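Below is one structure; the comments refer to it alone.
The values are calculated or read from the model by the stated rules, or taken from the named source; none is laboratory data. A quick note: this is a predicted structure, and the numbers were derived from the prediction, not measured. Counting neighbours? That spans all protein chains shown, and the Cβs are built from the backbone with ideal geometry, glycine included.
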């Protein structure tokens, strides 16, 4: 789970987010993550802003609540290794009591980027491209017993969902780097789990 430093400034210059132009002044905002205020900077003039910044968030900014970070900026900070298309399956997981982001999950987003049907949290369990490619290839070639397979056409993600036992068995049958993912604590910890192969990395999402 993401554990930010209090008031850390994330300028989001990783490949997952376009770098600020040399003469661009960042717009600073604050996100509440794991019960801590985190200051981030982003380029408000970015061409993709209108695609990611919902109308409700734009309205909130116009009526004076613009200090809060747009949801896509927060999601970028949690998944810097992905681009915006690859982040498509993910949503922001909120704790309703503290109104704090506690991570990211799988599923559709509401107008503020939050999970409409939260079920748990996701963790990156492998950043080796070999594992991601092997899982995607195996899913395309075969039907794993007891495993639901979904391919995201826009994001390029391949999602395997089922019980922890069936997912571990499916990953183990692939062998190599994918088999190593089968023993990850995030895969075997819950009763049900989803494994996401996208952007050259592998994520496990489940209850917790």
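Check off (1) at pLDDT below 90; (2) assigned to a loop (DSSP other than H, G, I, E, B); (3) loosely packed, with under 14 Cβ neighbours inside 10 Å for residue 85 and give me the number that stays unchecked.
All conditions pass for residue 85, except number (1).
Hey, residue 140 hits all of (1) crowded, with 16+ Cβ neighbours inside 10 Å; (2) without any contact (Cβ under 8 Å) to a residue 40 or more places away in the chain; (3) under 19 Å from residue 198 (Cα atoms) but one; which does it fall short on?
Unmet for residue 140, out of (1) crowded, with 16+ Cβ neighbours inside 10 Å; (2) without any contact (Cβ under 8 Å) to a residue 40 or more places away in the chain; (3) under 19 Å from residue 198 (Cα atoms): (1).
Do we have any residue at all in the stretch 158-176 that's within 14 Å of the chain's Cα centre (by Cα) and surrounded by fewer than 21 Cβ atoms within 10 Å (Cβ to Cβ)?
There is no residue in the stretch 158-176 that is within 14 Å of the chain's Cα centre (by Cα) and surrounded by fewer than 21 Cβ atoms within 10 Å (Cβ to Cβ).
Among the listed residues 98, 50, 77, which satisfies the condition of being in a helix (DSSP H, G or I), loosely packed, with under 14 Cβ neighbours inside 10 Å and at pLDDT 50 or above?
Values: 98 fails: in a helix (DSSP H, G or I); 77 fails: loosely packed, with under 14 Cβ neighbours inside 10 Å.
Within the list 98, 50, 77, the selection yields 50.
Going by the conditions given, is residue 186 in a helix (DSSP H, G or I) and over 28 Å from residue 69 (Cβ atoms)? I'd like the intermediate steps shown before the answer.
Details: in a helix (DSSP H, G or I): yes; over 28 Å from residue 69 (Cβ atoms): no.
Against the criterion (in a helix (DSSP H, G or I) and over 28 Å from residue 69 (Cβ atoms)), residue 186 does not qualify.
Among the residues of the stretch 122-129, are any touching a strand residue (DSSP E or B) at 6+ places or on another chain (Cβ under 9 Å), at pLDDT below 90 and surrounded by 18 or more Cβ atoms within 10 Å (Cβ to Cβ)?
yes
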